[in-house]
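Working notes for the structure below.
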Amino acid sequence: MGTWRSKQAYREYLQSSHWKEVQRRMYSQYRYCQVCKVAGQLDIHHITYARIGHELDTDLIVLLLVQQKYMQNKQKTRQIISLNKSLISIILNK
């Protein structure tokens, strides 16, 4: 399920019961932004789309919505995702 043929299919996935369960699991683990450690209006972001539908927790990151909006800037996304992968590695190894 890692390859999506259309934005519509991805949007539909984000409305699925499976994604709702993934969200519930991630929000119960992380009640704050994994980058800045601030609690607030949170959103879950895919770091990789390789396993969509079968995501590992390390494929995802919980971010403040402000950071999620910032990450949508395509020029900055690669740099931030690289940083986030490093941060997740540090978080999960604690």
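For the stretch 1-24, how many residues are over 21 Å from L65 (Cα atoms), of a type in the set (A, V, I, L, M, F, W, C) and free of Cβ contacts under 8 Å to residues at least 12 places away in the same chain?
Total meeting the criteria: 1.
Could you check the stretch 11-51 and list, in sequence order, the residues that are basic (K, R) and farther than 20 Å from K85 by Cβ? Spell out the reasoning first.
Step one: of the stretch 11-51, the residues basic (K, R) are 11, 20, 24-25, 31, 37, 51.
Across the stretch 11-51, the qualifying residues are R11, K20, R24, R31.
Could you give me the residue pairs with C-beta distances under 9 Å whose first residue belongs to the stretch 81-94 and is under 11 Å from D59 (Cα atoms), whose second residue is modelled with pLDDT under 70 and of a type in the set (A, V, I, L, M, F, W, C) wherever it lies, and which are 6+ apart or on separate chains?
Close Cβ pairs (under 9 Å, with a partner that is modelled with pLDDT under 70 and of a type in the set (A, V, I, L, M, F, W, C)) amount to I81/M71; N84/M71.
Among the hydroxyl-bearing types (S, T, Y), under 13 Å from the mean Cα position of the chain (by Cα), at pLDDT 90 or above and surrounded by fewer than 16 Cβ atoms within 10 Å (Cβ to Cβ): does that describe Y27?
The answer is yes for Y27.
Only one of (1) in a loop (DSSP other than H, G, I, E, B); (2) in contact with a strand residue (DSSP E or B) (Cβ under 7 Å, 6 or more places away or on another chain) fails for L63. Which number is that?
Failing condition for L63: (1).
Report whether or not T3 is of a type in the set (S, T, Y) and either modelled with pLDDT under 85 or on the phi > 0 side of the Ramachandran plot (or both).
Numbers: of a type in the set (S, T, Y): yes; either modelled with pLDDT under 85 or on the phi > 0 side of the Ramachandran plot (or both): yes.
Spelling it out, T3 is indeed of a type in the set (S, T, Y) and either modelled with pLDDT under 85 or on the phi > 0 side of the Ramachandran plot (or both).
Being over 18 Å from L65 (Cβ atoms) and charged (D, E, K, R) is the filter here; which residues of the stretch 25-51 pass it?
Answer for the stretch 25-51, where residues must be over 18 Å from L65 (Cβ atoms) and charged (D, E, K, R): R25, R51.
When only residues in the stretch 6-22 that are modelled with pLDDT under 90 and surrounded by 12 or more Cβ atoms within 10 Å (Cβ to Cβ) count, which is farthest from I44 (Cα to Cα)?
Result: A9.
The values are calculated or read from the model by the stated rules, or taken from the named source; none is laboratory data. Everything quoted here is computed from the prediction, not taken from an experiment. Using ideal geometry, Cβ is built from the backbone for each residue, glycine included, and neighbour counts are taken over all protein chains shown.
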